[in-house]
Amino acid sequence: MTHREIVQVFEQYQKSRLMFAQTVANLATRAHNTEALHQAGVIPMLRSLMSDPVPSIQHQAVLTLGRLAENSDRLAEAVVKEDILPQLVKPLASQNRLYKRAAVFLLRVVAKHSPELSEAVVACGGVDALVLCLEEFDPGVKEAAAWALGSIARHNASLSQSVVEAGAAPLLNICLLEPEMALKRITASTLSDICKHTPELAQTVVDSGAITHLAKMILSQDAKLKRQVFSALSQISKHSASMAQLVIEAEVFPAALISLKDPDEYVRKNAATLTREVVRHSPELSQLIVSYGGLSKVVDFLGESHGQTRLPGIMTLGFIAAHSESLAMAVIQCKGVPQLALCLSEESEQHMKAATVWSVGQIGQHTTEHAKAVATANLLPKLLELYMDAGSSEDLKAKSEKTLKKILLKCTYIPALEPLLYEAPSNILEHVVCQFSKVLPHDSKARRLFVTSGGLKKIQEIDAEPGSTLKEYIDTIKRCFPEEIVRYYSPGYSEVLMQQLESYQTDVKHVEDETF
């Protein structure tokens, strides 16, 4: 054979290897092919191609492994068991940008499946390699590395700590300043994943100066970026009042409240979540949001949203109202109670109803005026219905019962209390009767209404054990009325009257007989 013919043999071998890698890469894009490729032993073959002297073949082999691992956690585990990750990470710093993108992609899709697989990435030095990639000139490599670090950090605090200890936070902060929008989005998302676990991790991100850069992005026109920015700020704010205060000082509000009307549903939801995480900490922070006009904006947000998007807004009203009587009254004055009543009637998910019931309780628990606002919205019968509904979850039942009792302790609005006399079980009925025993001795109009509406008759029909608290309340109520009225509306009194009437007629007939 001539020299040229010998070279052609090697060229053909190289082309065949490249074609094999490219074909398998194309097959791996379809999830239904992955199991067949695995059964055919593709992973060991691709591992050998990772050491190929031709860079394009190396790149295709790594890319294919990434596509296979992305579609199946079993294949991601197979990649780890084949000891591919150390082989991938070791030469990463000296590789070209295309290889780095593919390698970082493989690390991300392995890590995303479970904490255990993320641990394997950490163990092979993957986090350190990813942090080095954040310093690359190519924005695509930076973006891929930031995404992979987020996939590791999101699982738990330990993995997130590994990311922080590798020095990722300052470099991620620098990535926020890059002009590429995709890089900004991924970086904000990764910061959110780091912050969510513990106050210490969030503090590390805060110390890197991230809040200032994130705050500047909330007025961006890019909806996907704003979603991640509000998410990151929420994860920072939730840990403590001091961190929430730092977010406030960065002038995130009142600008964030404008986003409650954003066209993008997830921007609205995440902006509401941030508001919730701020107000939950203290009356002072709640008052600050109220002073920015936050209450009316949250109420409008609830009216314009549906489903899960409403949840943070519902809880925001509850957290604000929980802090003080004045803040709860501010919620009432902003028409928060009718809006919560609407949410309760429109939403079907049990946890949504439970959150709404909880918020209603935070509003109505303070004084008689607060309780009356809840009662006039016709929420007491609804709360009782949810408590007694066999289809309600245990959490919803518990919250409904607790909320009912808290509001009943303050409620003196007779028209709202009376319907409960006819439907409430004994554990709720006792609280209802207790309120009547407090109101009726001091209110003549209420006593008249109580009689004409049938309340006095119903009270005497209740079978209360002698010596019980309920019996004491009933006796207190009965003492508010003349004995004749109490007797008139007592059970069986009509039969007594009929017997007297019959007896009276008999006496008349006897008199007539004597006359003749």
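Overview of results
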{"quantity": "Rounded Å value of the spacing that divides the Cα centres of the stretch 294-350 and the stretch 461-476", "calculated": "38 Å"}
{"quantity": "Fully extended contour minus Cα-Cα distance, from ASP207 to GLU472, at 0.36 nm per residue", "calculated": "89.2 nm"}
{"quantity": "FRET E, pair GLU249, THR367, Förster distance 30 Å, beta-carbon r, rounded to 0.05", "calculated": "0.35"}
{"quantity": "The chain - percent of accessible surface contributed by carbon and sulfur, probe 1.4 Å", "calculated": "53 percent"}
{"quantity": "Lys, Arg +1 and Asp, Glu -1 on Cβ, resulting dipole of the stretch 327-440 about Cα centre, debye, nearest 20", "calculated": "440 debye"}
{"quantity": "Positive-end extreme of charge dipole, the chain - chosen from LEU260, GLN14, GLN161 (charges on Cβ)", "calculated": "GLN14"}
{"quantity": "Extension gain from THR198 to TYR266, taking 0.36 nm per residue of separation minus the Cα-Cα distance", "calculated": "22.1 nm"}
{"quantity": "Longest exposed-site-free window of the chain, the sites being trypsin sites (Lys or Arg not before Pro) in a DSSP loop that have at most 12 other C-beta atoms within 10 Å", "calculated": "31-478"}
{"quantity": "Efficiency of FRET from Cβ geometry, ILE462 and LEU342, R₀ 51 Å, rounded to 0.05", "calculated": "0.90"}
{"quantity": "CD proxy at 222 nm, helix term only [per DSSP H run n ≥ 4: -39500 (n - 2.57); per residue of the chain; nearest 500]", "calculated": "-23000 deg cm²/dmol"}
{"quantity": "FRET efficiency for SER94 and GLN14, using Cβ-Cβ distance with R0 set to 22 Å, rounded to 0.05", "calculated": "0.50"}
{"quantity": "Assigned charges on the beta-carbon of Lys, Arg, Asp, Glu; the chain dipole about Cα centre (debye)", "calculated": "1580 debye"}
{"quantity": "Length added when fully stretched, HIS442-GLU82, from 0.36 nm per residue minus Cα-Cα", "calculated": "121.3 nm"}
{"quantity": "Residue range of the chain that is longest and free of GluC sites (Glu not before Pro) which are both DSSP loop and sparsely packed (at most 15 other C-beta within 10 Å)", "calculated": "350-516"}
{"quantity": "Structure-derived Kirkwood radius over Cα pairs in Å: which label, when the choices are [x] 28.1; [y] 25.0; [z] 29.0", "calculated": "[x]"}
{"quantity": "Separation of alpha-carbon centers, the stretch 382-425 and the stretch 96-149, rounded to whole Å", "calculated": "54 Å"}
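The values are calculated or read from the model by the stated rules, or taken from the named source; none is laboratory data. Bear in mind that the values here come from a model prediction, so they are computed numbers and not experimental data. Backbone-built Cβ (ideal geometry, glycine too); neighbour counts: all protein chains shown. Side chains are part of the model used for accessible areas, which takes the heavy atoms of the whole protein and leaves out ligands, DNA and RNA. Shrake-Rupley method; radii C 1.70, N 1.55, O 1.52, S 1.80 Å.
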